[in-house]
Amino acid sequence: MISREPTIERLAVARSLLLEPFGLTDASLSKALAVIATHRIDDADLYFQYTRSEGWSLEEGIVKSGSFGIDQGVGVRAVAGEKTAFAYSDDISEAALMDAAMTVRTIGAAGESRRVKVGPKHKVAGSRVLYAPMDPIATLDSTQKVALLEKVEKLARSKDPRVKQVM
C-alpha cells in the first residue's frame with residue numbers, strides 16, 4: 001500500500017466531514033475568500049467546526065441516562081492592520097459562509113481595492129499527524145458501550161471494598 005502524505009489525507013477527511021455533507025466545495029471557499037479580498041484585508045481564514053459528543057451514565061448496574069450532542073458551525077476571520085473581525089454561524093452552508101465573509105470584510109472597507117495572489121492550487125504544506133482520522137463514537141455500538149461501563153464498574157468495586165457507588 002502506498003502511504004499518502006498525512007496532510008492530504010486530513011484534507012480528504014475534512015472535505016468528507018465538513019464540506020460535502022453541507023453542499024460546499026473548494027469553489028465555495030474560494031468565493032468566500034474572494035468576497036473578503038475585495039476590501040483591504042491583510043489576512044483572512046475560514047474555520048469549520050463539527051463536534052459530536054456522547055455520554056452514558058450507569059448507576060447500580062443500570063443505564064440511567066444517555067446523551068448525544070452535535071456542535072457545528074463556520075467562522076470567518078479577517079485582519080486589517082491591527083484590527084481583527086470575526087463572524088460565526090452555527091449553520092454550515094454556503095449562505096452562512098458568504099454572510100460571514102461579507103460581515104468581516106467591512107474591517108478593511110476604508111482601504112482601496114487590491115489584488116491578492118494566492119499560491120498554486122493544491123499545494124499543501126507538510127505536517128505531522130496528531131490525531132487519527134477516526135470517529136471514536138462509531139468504534140463501539142450501544143451494547144458494547146454498556147458492557148464497557150459494566151466492566152469499569154466491576155473493576156472499580158473489585159479494587160476496594162469501600163467503593164459503594166460507581167457513577
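Remarks
- Apart from one condition, residue 51 fits all of (1) hydroxyl-bearing (Ser, Thr, Tyr); (2) touching a residue at least 12 places away in the same chain (Cβ under 8 Å); (3) out of contact with any helix residue (DSSP H, G or I) (no Cβ under 7 Å at 6 or more places or on another chain); (4) not in a strand (DSSP E or B); the exception is (4).
- Among (1) touching a Lys or Arg at 6+ places or on another chain (Cβ under 8 Å); (2) surrounded by fewer than 16 Cβ atoms within 10 Å (Cβ to Cβ); (3) among the small types (Gly, Ala, Ser); (4) within 19 Å of residue 92 (Cβ to Cβ) - the single one residue 44 does not satisfy: (2)
- Of the residues making up the range 27-47, one or more are in contact with a strand residue (DSSP E or B) (Cβ under 9 Å, 6 or more places away or on another chain), hydrophobic (A, V, I, L, M, F, W, C) and in a strand (DSSP E or B).
- Top-ranked residue in the range 11-48 [being basic (Lys, Arg) and in contact (Cβ under 8 Å) with a residue 40 or more places away in the chain; ranked as nearest to residue 135 (Cα to Cα)]: 31
- Filter result for residue 16 (surrounded by fewer than 12 Cβ atoms within 10 Å (Cβ to Cβ), part of a helix (DSSP H, G or I) and not aliphatic (A, V, I, L, M)): yes
- Residues (assigned to a loop (DSSP other than H, G, I, E, B), among the hydroxyl-bearing types (Ser, Thr, Tyr) and modelled with pLDDT of 85 or more) located in the range 60-117: 93
The values are calculated or read from the model by the stated rules, or taken from the named source; none is laboratory data. Only a predicted model underlies this, so the values are computations on that prediction, with no experimental measurement involved. When we count neighbours, we look across all protein chains shown, and the Cβ atoms used for this are built from the backbone with ideal geometry, even at glycine.
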